[in-house]
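The values are calculated or read from the model by the stated rules, or taken from the named source; none is laboratory data. Note that the coordinates shown come from a computational prediction; the quantities given were computed from them, not determined experimentally. Virtual Cβ from ideal backbone geometry, glycine too; neighbours counted across all protein chains shown. Accessible surface areas use protein heavy atoms only, side chains included; no ligands, DNA or RNA. Shrake-Rupley method; radii C 1.70, N 1.55, O 1.52, S 1.80 Å.
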Amino acid sequence: MEILLIIVSAIFVNNIVLAQFLGICPYLGVSNKLSTATGMSAAVCFVITLATLVTYLLNKYLLLPFGLEFLQTIAFILVIAALVQMVEIVLKKVSPSLYQALGIFLPLITTNCAVLGVAINVVTKEFTFGLPSHMLGLGEAVLYAFATSLGYGLAMVLFAGLREHLALSDVPKAFRGVPIALITVGILAMAFMGFSGIA
């Protein structure tokens, strides 16, 4: 039951984009087409899960034992940037086809604050499912990160589908482009607020 609560809470109730407002810039910038939104979602899912795993271990076995908690943010930023660069290099050599699919989106993820936000949430925040961060094990942390990235992907794919539909609609001239996109995000966020009673 606890695992289901973590997943539902991370995907629907505390959606990283629509409830916590992290990762808005790439969310608005890359969601013009469903194909690019899907590629970005897959890349974000991979990087958020891997970055959370590495930053959790870094925090638990290096920063906390030596009293260096004040370096969390800068250490996590460096780890995320290095991780994205290593993933890009490995993908280029090991799987050129996957690199072609995700290669464009990997550099964008370095500046996506949702990746850093999830890593910091895991080590500092008390979650809505009742587990304080010091009781959060590695499995729960990785599960939370994966579910959060799925929530990010779900919100991005839904928004991209809506934007493609809006491109074919007769939107009043004053609302075309960014204004209708922001209104759509607001309505989507309100729709996700309907899940708040679940968890």
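Figures for the structure shown
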quantity	calculated
Checking residue 31 against (1) in a helix (DSSP H, G or I); (2) open to solvent by less than 20 Å² (accessible area, probe 1.4 Å), the condition it does not meet	(1)
Residue check for residue 66: out of contact with any Cys (no Cβ under 8 Å at 6 or more places or on another chain), open to solvent by 50 Å² or more (accessible area, probe 1.4 Å), of a type outside the set (A, V, I, L, M) and modelled with pLDDT of 90 or more	yes
The one condition in (1) in a loop (DSSP other than H, G, I, E, B); (2) free of Cβ contacts under 8 Å to residues at least 12 places away in the same chain that residue 16 fails to fulfil	(2)
Flag if residue 157 is open to solvent by 60 Å² or more (accessible area, probe 1.4 Å), closer than 16 Å to residue 25 by Cα and among the β-branched types (Val, Ile, Thr)	no
Qualifying positions in segment 163-182 - part of a helix (DSSP H, G or I), of a type in the set (A, V, I, L, M, F, W, C) and closer than 21 Å to residue 36 by Cα	166, 167, 178, 180, 181, 182
Residue 134, sole failed condition from (1) open to solvent by 60 Å² or more (accessible area, probe 1.4 Å); (2) modelled with pLDDT of 90 or more	(2)
Some residue of segment 45-53 being open to solvent by 20 Å² or more (accessible area, probe 1.4 Å), assigned to a helix (DSSP H, G or I) and without any contact (Cβ under 8 Å) to a residue 24 or more places away in the chain	no
